[in-house]
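Right, one structure below, let's go through it.
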């Protein structure tokens, strides 16, 4: 299409991440760079690349008076906004090392990270967040300066009581002198990103400028991104996928980025921003799918049939575009089905979406099929924080939804012992911060990074088959990868979270968190009071849940049978210590928290009517 143009900055021209931004300002100074919602004026505000550059210069002038030296660590706890970018770029341009933190992480974990990386300056969203951190970040901490972004009386009070605290508005000069760009080594440390710590303490992943630049550029060789593209950013910028693909990549291409107000307002923001590119985790697509599935279950049979026909015809149309099938007469119906059904659903995503990338966790092929059938081009990718993070992604013209795509240019992959996926890449980390033994375990003497994921490679596409550490070995020696089972069960909108257990046991069981919106209906259908805790233990409820899990696992091997379940209504969250900030289940912690419930599922044997 003639309106789509490229203005790509090469890795060589950029040299460093701050050099990338300087190049972008030079090339398209007055183009739209960022859009964010001003909570005071209750309106969307646009910023050009030049305006962001001026803000960076102000921050650099202020930072220059803080006694910081190249290599010093600075951290930020901010929601996604232009100030996140400004702080990051100001610090990188001065040779500082940026440590991004999750806004919803537990204060104790943030304190550990600040201490482990010896952070000297911390940028915090507001007074409330700093008050929560104050209890664990004492005056003996390495943090010498705390900056509060949002002003207010509470912020002023904190600044008066603690000489470390400053409010950004009064700390910044009215104008900056000039944008600084330090001629640094592309291979020097740019950022320390702490892993989500599903099995223990977070480890600091050291990433260089070149690590993240090379992966951003390699991603564009697989997926075309243009100057006119518009991104909607809602994954935390502290998540390496969002930082590399949703921040540095758009700078490289000159595309604009709008920052969603919140996940809760995402549906409305999609309508306002009408993005052409969306980077998300599977949970977002799962929620939309669950909502559509629930709505369809309440519609007349004819409407449900029309929806299923639309998905089926759209899927066949996709297969033909991929060169995997021939023309079918039913494809003539697509314009009509698109207008009557598909477009009404895709309009909920803004109506202009060209590319939707899913990463961070496995996406169910069934969900991908529905979205693709409706005309939403979902491309599943794969990576690790330790690889900056992207390793592979599906190209638009060679999209295998069940796979995690093909390796990016310059990345080598192979299958090692236990079918483990091994990777060599320009994005592979420099190592773990202050942890040589963990680095040696992760990267072998020949330079191969051990992902910990089991995989197979077919026609250059990578298929993840399990996680080595998560494999359950039953008492009969049967090895069970629980991930795909959990994914299949969680497709049911009744279930919010699922964890399959059974290590060393004769059969599989599951902890299941029920969706709070669907639980009252299920309880009432069983003649129970949803407000009474004992209703969760009722045999009628368990029979319904067991039937749903059985249906979900129909296509699985014989071992994939859930014999017992324990049901919960309280979700597993970051706050209660059962989820990582990247929304991954902390399996050891869940097992420890609910050890008594797990024991009961095996003491009593399989559920009645489900014995071998």
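The values are calculated or read from the model by the stated rules, or taken from the named source; none is laboratory data. Please read all numbers here as calculations on a predicted model, not as lab measurements. FYI the Cβ positions are ideal-geometry reconstructions off the backbone, even for glycines, and counts take in every protein chain you see.
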* Residues being under 30 Å from residue 49 (Cα atoms) and part of a loop (DSSP other than H, G, I, E, B) - total across the range 126-145 -> 1
* Asked: Quick check: is even one residue across the range 545-564 under 30 Å from residue 105 (Cα atoms) and either out of contact with any helix residue (DSSP H, G or I) (no Cβ under 9 Å at 6 or more places or on another chain) or assigned to a helix (DSSP H, G or I) (or both)?
  -> no
* To do: Could you please find all residues in the range 524-544 being assigned to a helix (DSSP H, G or I) and in contact with a helix residue (DSSP H, G or I) (Cβ under 8 Å, 6 or more places away or on another chain)?
  => 525, 535, 541, 544
* Output the residue which, of all residues in the range 502-523 that are in contact with a helix residue (DSSP H, G or I) (Cβ under 6 Å, 6 or more places away or on another chain) and not in a loop (DSSP other than H, G, I, E, B), is nearest to residue 282 (Cα to Cα). => 509
* Inside the range 193-234, can you point out the residues that are in contact with a strand residue (DSSP E or B) (Cβ under 7 Å, 6 or more places away or on another chain), farther than 25 Å from residue 580 by Cα and not in a helix (DSSP H, G or I)? -> 223, 225, 229, 230, 231
* To do: For the range 184-192, state whether one or more residues are assigned to a helix (DSSP H, G or I) and in contact with a strand residue (DSSP E or B) (Cβ under 9 Å, 6 or more places away or on another chain).
  => no
* To do: Scan 10, 36, 43 and give me the residue that is modelled with pLDDT of 95 or more and outside the structural domain of residue 152 (by TED's automatic domain parsing).
  => 10
* To do: Scan 499, 485, 429 and give me the residue that is part of a loop (DSSP other than H, G, I, E, B), surrounded by 20 or more Cβ atoms within 10 Å (Cβ to Cβ) and in contact with a helix residue (DSSP H, G or I) (Cβ under 9 Å, 6 or more places away or on another chain).
  => 429
* To do: May I ask you to verify whether residue 114 is surrounded by fewer than 20 Cβ atoms within 10 Å (Cβ to Cβ), over 21 Å from residue 151 (Cα atoms) and in contact with a helix residue (DSSP H, G or I) (Cβ under 9 Å, 6 or more places away or on another chain)?
  => no
* So which residues in the range 259-298 are surrounded by fewer than 15 Cβ atoms within 10 Å (Cβ to Cβ) and either assigned to a loop (DSSP other than H, G, I, E, B) or at positive phi (or both)? -> 262, 298
* Structure fact -> Reported set for the range 1-36 where residues are free of Cβ contacts under 8 Å to residues at least 60 places away in the same chain and either surrounded by 22 or more Cβ atoms within 10 Å (Cβ to Cβ) or more than 22 Å from residue 275 (Cβ to Cβ) (or both) is 12, 13, 23, 26, 29
* To do: Could you grab me the full set of residues in the range 432-468 that are under 19 Å from residue 401 (Cβ atoms), outside any loop (DSSP other than H, G, I, E, B) and touching a strand residue (DSSP E or B) at 6+ places or on another chain (Cβ under 8 Å)?
  => 453, 455, 456, 457, 461, 462, 463, 464, 465, 466
* Asked: How many residues, within the range 161-183, are assigned to a loop (DSSP other than H, G, I, E, B) and either out of contact with any strand residue (DSSP E or B) (no Cβ under 8 Å at 6 or more places or on another chain) or loosely packed, with under 13 Cβ neighbours inside 10 Å (or both)?
  -> 13
* For residue 479, work out the one condition from (1) closer than 20 Å to residue 281 by Cβ; (2) in the same structural domain as residue 516 (by TED's automatic domain parsing); (3) surrounded by fewer than 19 Cβ atoms within 10 Å (Cβ to Cβ) it doesn't fulfil. => (1)
* Could you say which residue among 411, 378 is modelled with pLDDT of 95 or more, over 19 Å from residue 189 (Cα atoms), surrounded by 23 or more Cβ atoms within 10 Å (Cβ to Cβ) and in the same structural domain as residue 245 (by TED's automatic domain parsing)? -> 378
* Of all the residues that make up the range 565-585, how many are on the phi < 0 side of the Ramachandran plot and part of a loop (DSSP other than H, G, I, E, B)? -> 13
* Residue check, residue 219 against (1) surrounded by fewer than 22 Cβ atoms within 10 Å (Cβ to Cβ); (2) closer than 25 Å to residue 426 by Cβ, all met but one. Which one? -> (1)
